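A short write-up of the structure that comes next.
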Amino acid sequence: MEDREIYRCNYGAELETARLCHGETDLAICLPVGIWNTELAHATSAYIVELRLQLQAYLAQDAGFAASHIVYQPHINAPSIAEDMAQAAALAGVGPMASVAGAFAQAVGVFLAGYSSEVIVENGGDIYMATSKDRIVGVYAGPNNPYTGQLGLIIRAAQQPLGICTSSGTIGSSFSYGKADAAVVLAANTLYADAAATALANRVQSSQDVGAAIEFIATLPGIKGALAICKDVMAAWGEVELCR
């Protein structure tokens, strides 16, 4: 079973979950029961497709944007989604594509806010959350990690809207220079949380690096909290409230 199928099986039942897939964009959308319908599904799909077409058209004329793993300045004619990705990634010191999953999660979440005051959008472990209730987000560090299924983050209503993003060097398809099983970052901007999670995961080559990697993330402006796991070692900082 694919990793995202494993952790998506553990979603709570209070909100209704729908799935939308367009190319690499694979979203789980959680809304109150009765909000999601055929009309909204079509509108959301059309919005995702339009964003993807804008980004793909830009990548076709600026190959460096997709290839860069360091800070990159987009062309002057770049669409807003590319500009936002580059800006968020620059704050974390990584390439702009490190924020792409967070970009789509947040864009769709903000779009759906026009239909519901309770919205959660998850895109491959990167979450945009805007609800009026405290929530628990489980930490998935791979099927064999001792923390998987044993550890959660309490996300308070007062912290939301919030980006909760996870990167890994051992699971998933995203590129990483590190070997973290899970690198989680909390930030108000989901694009920034996504990019910073990549930066955090990049700095973990072994369990001995977990503490130093967290110390680095704590120096970045605007980061609310972070957690890193490598094998059986974990470190956390900031507005990270853990539960079992």
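The values are calculated or read from the model by the stated rules, or taken from the named source; none is laboratory data. Treat the numbers as computed from the prediction; the structure is a model and nothing was measured. Please note: Cβ atoms are built from the backbone with ideal geometry, for glycine as well, and neighbour counts cover all protein chains shown. Note: areas computed on protein heavy atoms with side chains; ligands, DNA, RNA excluded. Shrake-Rupley method; radii C 1.70, N 1.55, O 1.52, S 1.80 Å.
Working carefully through the options Val210, Val184, find the one that is closer than 24 Å to Ile81 by Cα and of a type in the set (A, V, I, L, M, F, W, C).
Step by step, each of Val210, Val184 is checked, and only Val184 is closer than 24 Å to Ile81 by Cα and of a type in the set (A, V, I, L, M, F, W, C).
Just a yes or no: is a residue in region 130-143 small (Gly, Ala, Ser) and within 16 Å of Tyr11 (Cβ to Cβ)?
yes
Need the failing condition index for Ala92 against (1) among the small types (Gly, Ala, Ser); (2) within 13 Å of the chain's Cα centre (by Cα); (3) within 29 Å of Asp232 (Cα to Cα), just the number.
(2)
Could you identify the single residue in Gly95, Gly109 that is touching a His at 6+ places or on another chain (Cβ under 6 Å) and at pLDDT 95 or above?
Gly95
Run down Gly138, Gly149, Gly169 and say which single residue is farther than 24 Å from Ala88 by Cα and in contact with a Ser or Thr (Cβ under 9 Å, 6 or more places away or on another chain).
None of the others qualify; the one that does is Gly138.
Out of all the residues in region 20-48, which are in a loop (DSSP other than H, G, I, E, B) and among the β-branched types (Val, Ile, Thr)?
Val33, Ile35
If I go through region 128-153 residue by residue, how many of them are out of contact with any helix residue (DSSP H, G or I) (no Cβ under 9 Å at 6 or more places or on another chain) and open to solvent by less than 30 Å² (accessible area, probe 1.4 Å)?
Summing the residues that are out of contact with any helix residue (DSSP H, G or I) (no Cβ under 9 Å at 6 or more places or on another chain) and open to solvent by less than 30 Å² (accessible area, probe 1.4 Å) in region 128-153 gives 7.
If you go through region 179-195 one residue at a time, do you hit one that is surrounded by fewer than 23 Cβ atoms within 10 Å (Cβ to Cβ) and among the hydrophobic types (A, V, I, L, M, F, W, C)?
Checked against the condition, which is being surrounded by fewer than 23 Cβ atoms within 10 Å (Cβ to Cβ) and among the hydrophobic types (A, V, I, L, M, F, W, C), region 179-195 yields at least one hit.
Looking only at region 194-219, which residues are out of contact with any helix residue (DSSP H, G or I) (no Cβ under 6 Å at 6 or more places or on another chain), touching a residue at least 24 places away in the same chain (Cβ under 8 Å), closer than 27 Å to Val121 by Cβ and hydrophobic (A, V, I, L, M, F, W, C)?
Selection gives Ala197, Ala201.
Looking at Lys231, is it on the phi < 0 side of the Ramachandran plot and either over 19 Å from the mean Cα position of the chain (by Cα) or charged (D, E, K, R) (or both)?
no
Just checking: which of the helices (runs of 4 or more DSSP H) contained wholly in region 49-127 hold 3 or more residues that are surrounded by 24 or more Cβ atoms within 10 Å (Cβ to Cβ)?
In region 49-127, the matching helices (runs of 4 or more DSSP H) lie at 80-92, 100-112.
Any residue that is open to solvent by 20 Å² or more (accessible area, probe 1.4 Å), assigned to a strand (DSSP E or B), touching a strand residue (DSSP E or B) at 6+ places or on another chain (Cβ under 6 Å) and within 26 Å of Ser68 (Cβ to Cβ) - is there at least one of those in region 164-173?
yes
Which one is surrounded by the most Cβ atoms within 10 Å (Cβ to Cβ) among residues in region 154-163 that are touching a residue at least 24 places away in the same chain (Cβ under 8 Å) and part of a helix (DSSP H, G or I)?
That would be Gln159.
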